[in-house]
Amino acid sequence: MTRPLAPDVVRGLTEIVGAANVITDPDRLLVYESDGLSAYRVSPRAVVLPGTSDEVAAVVTLLHLEGIEIVPRGAGTGLSGGALPTPDGVVVGTARMNRIIEIDPENRLARVQPGVINARLTEATQPYGLFYAPDPSSQSTCTLGGNVAENSGGPHCLKYGVTSRYVTGLTVVLAGGRIVKLGGAGRDSAGGLDLVGLFVGSEGCFGIATEIEVRLLPIAEGVRTLLGIFETMEAAGHAVTEIMGSGLLPAAVEIIDRATIEAVEASIFAAGYPTDAGAALVVEFDGTEAGLDLGADRAEKCCFEAGAREVRRATSEAERAALWKGRKKAFGAMGRIAPDLLVQDATVPRTKLPEVLARIAEIGERYDLKIANVFHAGDGNLHPNILFDRKNAEELDRVERASTEIMHLCVDAGGTITGEHGVGIDKRGYMSLVHNETELEMLRSVRAVFDPDRLFNRGKVLPDPLAET
Amino acid sequence: MSTTTGSGSLASALEAQRERLLPCVHCGFCLPACPTYNRLGDEADSPRGRLHLMQAVVDGRLDAGSDAFHTHIDRCLGCRACEPVCPSGVEYGTLLELARETATRARPQGKLTRALLAVMGSPALRAVFFLGGRTLRSLGVARLAVRLIPAGARLGGIRLAFAMLASSSPPGRRLQKAPVNAVPSRAIGAVAVADDDSVGPVPRGSRGRVAYLEGCVQRGLFERINQATVRTLEANGYEVVPVAHQGCCGALHAHGGDLRNARRLAGANILVFEGVEIDYVAVNAAGCGAAMKDYGTLFESNQEMSTRAEAFAAKVRDVTELLSQAGPRRGAPVSCSVAYDHPCHLLHAQGVAQEPLDVLRAVPGIDVRLIDRADECCGGAGIYGITHPELGGRIGRDKVAAILREEADHACTPNPGCMMQIGAGLLLEGSSDVAVHPIELLDESYRRAGYYSATGDSQ
């Protein structure tokens, strides 16, 4: 199985980061065998937790000289196995690098270390009337380093866009320990090609970002949040098509199906979604006060026209927070229904939502699996959650087959294999569904610019012809 | 019973808890709530990591006697801050107790922990231990020792123990000398408290009959808080019923994984309290209250006892819950500012957040300042500060820094364990202040208002 590191390598790492921050005991390493996608398990050879950019560079240099693979890891909350260790690799975690270096309210910028938690940045910038827009559902725990690697989205990315739109500068440790500064001072590119844009979303295959500069936005003056209750998922899907087709630009449009409603309502984050409903639709508008009510009124009308049984409007910040908490904690709350779950992540053209959802339900029935849907409907980003118990090997096999079928379904509908979770290990096999060999070769070449020896996150994202399977 | 090798029989305590482990889906939402993970950055020191280790023991992939299991389960503060943020509702506190039982059966705990649990579990040893403590405290030896013992790793634990002892001293004149002129009260969030006295005097007993847990540390070092408990409850219309022969509640044993002795102590107390007719059992220590409210779970494998335990647990209330439920009645002004910190076993384990603030709000002239990160553990965590002086000290120093930033007259928290940890931290930082319990302030307010004049004032 996992080969232990040579004693002199361990000694070298210990000299850089201190004994407490080098983990080699196989028992302790068990804790790192999965990220947020617990269906996969691989123990690393070691975990190293550096505290500074220089330490990261020294660690990477040493591992590179030894030809040892490196797996970067933030909070380990990713859902595509992007931070899954490799059997020959060493995990380099950024948990200790959790300092907000600078908030520059005049220029609406912040500089942070990669281990800073997404939500903490917004908390810290709130006193200046600013916030950090990308809001993954795991924002209370996921880190900005991980967000950069995955180019993370979130409910409000419908209006605000994903991480790449907000990262303006990066300090990156490349293979061999070279430190480069990309972009900076509010510019995505310091001149020439947009290397920042290239790095964001590289899923840990290019290097480790040790300092991140992001753009902040002023907090919206007002917000309106609606909850539409529907008898069927199909009706909710139609409402989304109506709302988006009417020219409105909501900040977020989210759908939660019945199975998810049940899980959430049983949890401490119960939001008051009716448990007998077929689907719930959360629609939010934000911006200057003028016009907000108009938008909300029109969205309400769209809901009723699509057959909504009821439309509620959050009347206080507490009600709004509860509505969102139910949505954002939905993934964790699934633990109440089944011990394991596989969250799929794919996008389809918005107009295909009702049809694709019906087909997913049919796939679930055929494989006798419970599938709960909670997703960013506004941009057609689906998250079917397949619930299972890993101890049932036969069921696990059905999960894999159903999952593959869902992926093919989405691609056939004109969609793609990931909306925001990344390819990681889980979607690697699907890359050829959306890329031909020439495109894959281009991706490999780009990667080689950053990491010619393929030591960073080997075996992830690209179906690497040279990597062991 | 005690096996030294193999994980099969050792894992049995956890095996039975397989169901409790299932809800964890590894989402990681608990990570930022964990004080040890926040400081160490190692996922093995996070709730998710510890649950993963427990699962590995249940699955037979990890030896319960291994260094990894022992170290990381032992290093948990048991603050349960991970529970309110868990979407799946994992019962972490219960699982931790079971994991500790499994770990200690495979490999005994440190001598210090065992000695302290033995003392708490025996009335005679306890009496001697606390008599010694009180003597050292009143002679000023504890305070002197803090000054004489050099700061450093070797004697750090002993120095901290003396500092904790010294910090259990009454606030005394500092509190009694607080001005009586009523500046406008400020509650949390700067909302002014209404000046009208809506809760007037209530006939004693009209709100129910209450017994109270005398407790080990409370009786040994904080008798003044027990007395304040009786007086403030009576002033709010409760009839306080004495319960003789009561003992330790077993909380320290349960939290430490000594479930056998926890059940023995809990069972004895349930029996004694069953002997009096009461509506409530009041507790003024958060750790004890949390354990007592959870007696049903402690006895879940014993059908006869679990019913009785649940009936008992249903009567348990933190003293601030009872006072808040009664109003509470307003007293006379005690003009001072307090830096307030939530005890974990009230906030996370019992979900009691507002009631202690209600108690403070009944004291005219008080300025309550909620400290930064008041929802994070102070590092006291029972005997953690003594068994893990380095990490506990680090967590404690962060807490003390947050308190000092408020520049308040008193640190205030409704739990003796936290009061000692915070008080010790203040002392080690060179401050002469001690932490106060909210009911001490209410008690002072009532004394000034003359509510006790008929019954006499034992202060």
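The values are calculated or read from the model by the stated rules, or taken from the named source; none is laboratory data. Please read these numbers as outputs of a predicted model, since none were measured by experiment. Here the Cβ positions follow ideal geometry from the backbone for every residue, glycine too, while neighbour counts run over all protein chains shown.
Taken together, the residues in the range B:54-70 that are under 17 Å from A:Asp340 (Cα atoms) and within 10 Å of chain A (Cβ to nearest Cβ) amount to 3.
Any chance you could count how many residues in the range A:326-339 are at the interface with chain B (Cβ under 7 Å from one of its Cβ atoms) and in contact with a strand residue (DSSP E or B) (Cβ under 6 Å, 6 or more places away or on another chain)? It would help to see each step written out before you state the result.
Just the residues of the range A:326-339 that are at the interface with chain B (Cβ under 7 Å from one of its Cβ atoms), to begin with: A:329, A:331-336, A:339.
Within this subset, residues satisfying the condition of being in contact with a strand residue (DSSP E or B) (Cβ under 6 Å, 6 or more places away or on another chain) are A:334.
Counting residues in the range A:326-339 that are at the interface with chain B (Cβ under 7 Å from one of its Cβ atoms) and in contact with a strand residue (DSSP E or B) (Cβ under 6 Å, 6 or more places away or on another chain) gives 1.
For the range A:35-141, the strands (runs of 3 or more DSSP E) that sit wholly inside it and include 2 or more residues that are more than 13 Å from every other protein chain (Cβ to nearest Cβ), in contact with a Lys or Arg (Cβ under 7 Å, 6 or more places away or on another chain) and more than 23 Å from A:Pro452 (Cβ to Cβ) are A:100-104. Within the set B:Leu96, B:Leu116, B:Leu112, the sole residue that is more than 12 Å from chain A (Cβ to nearest Cβ) and modelled with pLDDT of 90 or more turns out to be B:Leu96. Within the range A:297-321, the set of residues being touching a Phe, Trp or Tyr at 6+ places or on another chain (Cβ under 8 Å), among the small types (Gly, Ala, Ser) and farther than 14 Å from A:Asp286 by Cβ comprises A:Ala306, A:Gly307, A:Ala308.
To keep it simple, each residue is scored yes or no on (1) surrounded by fewer than 15 Cβ atoms within 10 Å (Cβ to Cβ); (2) touching a residue at least 12 places away in the same chain (Cβ under 8 Å); (3) farther than 24 Å from A:Gly422 by Cβ; (4) among the β-branched types (Val, Ile, Thr).
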{"site": "A:Gly307", "(1), (2), (3), (4)": "no, yes, yes, no"}
{"site": "A:Val311", "(1), (2), (3), (4)": "no, yes, yes, yes"}
{"site": "A:Ala314", "(1), (2), (3), (4)": "no, yes, yes, no"}
{"site": "A:Gly326", "(1), (2), (3), (4)": "no, yes, yes, no"}
{"site": "A:Ala338", "(1), (2), (3), (4)": "no, yes, no, no"}
{"site": "A:Glu355", "(1), (2), (3), (4)": "yes, yes, yes, no"}
{"site": "A:Ala358", "(1), (2), (3), (4)": "yes, yes, yes, no"}
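Looking only at the range B:219-243, residues that are charged (D, E, K, R) and in contact with a His (Cβ under 6 Å, 6 or more places away or on another chain) come to 0 in all. Note on the range A:106-123: among residues that are farther than 22 Å from A:Gly78 by Cα and of a type in the set (A, V, I, L, M, F, W, C), the one that is surrounded by the most Cβ atoms within 10 Å (Cβ to Cβ) is A:Ala110.
Of everything in the range B:38-53 that is within 21 Å of B:Asp398 (Cβ to Cβ) and more than 7 Å from chain A (Cβ to nearest Cβ), the residue that is surrounded by the fewest Cβ atoms within 10 Å (Cβ to Cβ) is B:Arg39.
Residues checked against (1) farther than 28 Å from A:Leu217 by Cα; (2) at pLDDT 90 or above:
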position	(1), (2)
A:Ser246	no, yes
A:Ala266	yes, no
A:Ala279	yes, yes
A:Glu300	no, yes
A:Arg313	no, yes
A:Leu323	no, no
A:Arg327	no, no
A:Met334	yes, no
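Within the range B:71-93, restricting attention to residues that are more than 18 Å from B:Asp375 (Cβ to Cβ) and of a type in the set (Gly, Ala, Ser), the residue that is nearest to the other protein chains (Cβ to nearest Cβ) is B:Ser88. Cβ separations smaller than 8 Å between residues 6+ apart or across chains give the following pairs from the range B:421-433 residues that are in contact (Cβ under 8 Å) with a residue 24 or more places away in the chain to residues that are of a type in the set (Lys, Arg) and outside any loop (DSSP other than H, G, I, E, B): B:Gln421/B:Lys399; B:Ile422/B:Lys399; B:Gly425/B:Arg397; B:Gly425/B:Lys399; B:Leu427/B:Arg143; B:Leu428/B:Arg159; B:Glu429/B:Arg397; B:Asp433/B:Arg174.
In the range B:299-320, the residues that are buried (at least 23 other Cβ atoms within 10 Å of the Cβ) form Cβ pairs under 6 Å with partners that are part of a loop (DSSP other than H, G, I, E, B), at six or more places apart or across chains, as follows: B:Ala309/B:Phe299; B:Asp318/B:Val352; B:Val319/B:Asn284; B:Thr320/B:Pro414. A single member of B:Val193, B:Val230 is at pLDDT 90 or above, surrounded by 16 or more Cβ atoms within 10 Å (Cβ to Cβ) and hydrophobic (A, V, I, L, M, F, W, C), and it is B:Val230.
Do you know which residues across the range A:15-34 are more than 10 Å from chain B (Cβ to nearest Cβ), outside any helix (DSSP H, G or I) and not hydrophobic (A, V, I, L, M, F, W, C)? The answer is A:Gly18, A:Thr24.
Within the range A:410-447, the only residue that satisfies the criterion of being in contact with a His (Cβ under 9 Å, 6 or more places away or on another chain) and of a type in the set (Ser, Thr, Tyr) is A:Tyr430.
Restricted to strands (runs of 3 or more DSSP E) entirely inside the range A:304-386, those with at least 1 residues that are more than 23 Å from A:Tyr273 (Cα to Cα) are A:340-343. Look at (1) farther than 21 Å from A:Ser140 by Cβ; (2) modelled with pLDDT of 90 or more; (3) in a loop (DSSP other than H, G, I, E, B) and you find that B:Gly60 fails only one, number (2). Pairs linking a residue in the range B:343-366 that is under 25 Å from B:Gly78 (Cβ atoms) and part of a helix (DSSP H, G or I) to a residue that is at pLDDT below 95 and among the basic types (Lys, Arg), with Cβ atoms under 7 Å and 6 or more positions apart or on different chains, are B:Cys344/B:Arg80.
Let's see how each residue does on (1) within 23 Å of the chain's Cα centre (by Cα); (2) touching a residue at least 24 places away in the same chain (Cβ under 8 Å); (3) loosely packed, with under 13 Cβ neighbours inside 10 Å:
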| position | (1), (2), (3) |
| --- | --- |
| B:Arg107 | no, yes, no |
| B:Gly121 | yes, yes, no |
| B:Leu125 | yes, no, no |
| B:Val128 | yes, no, yes |
| B:Thr135 | no, no, yes |
| B:Arg143 | no, yes, no |
| B:Ala151 | no, yes, yes |
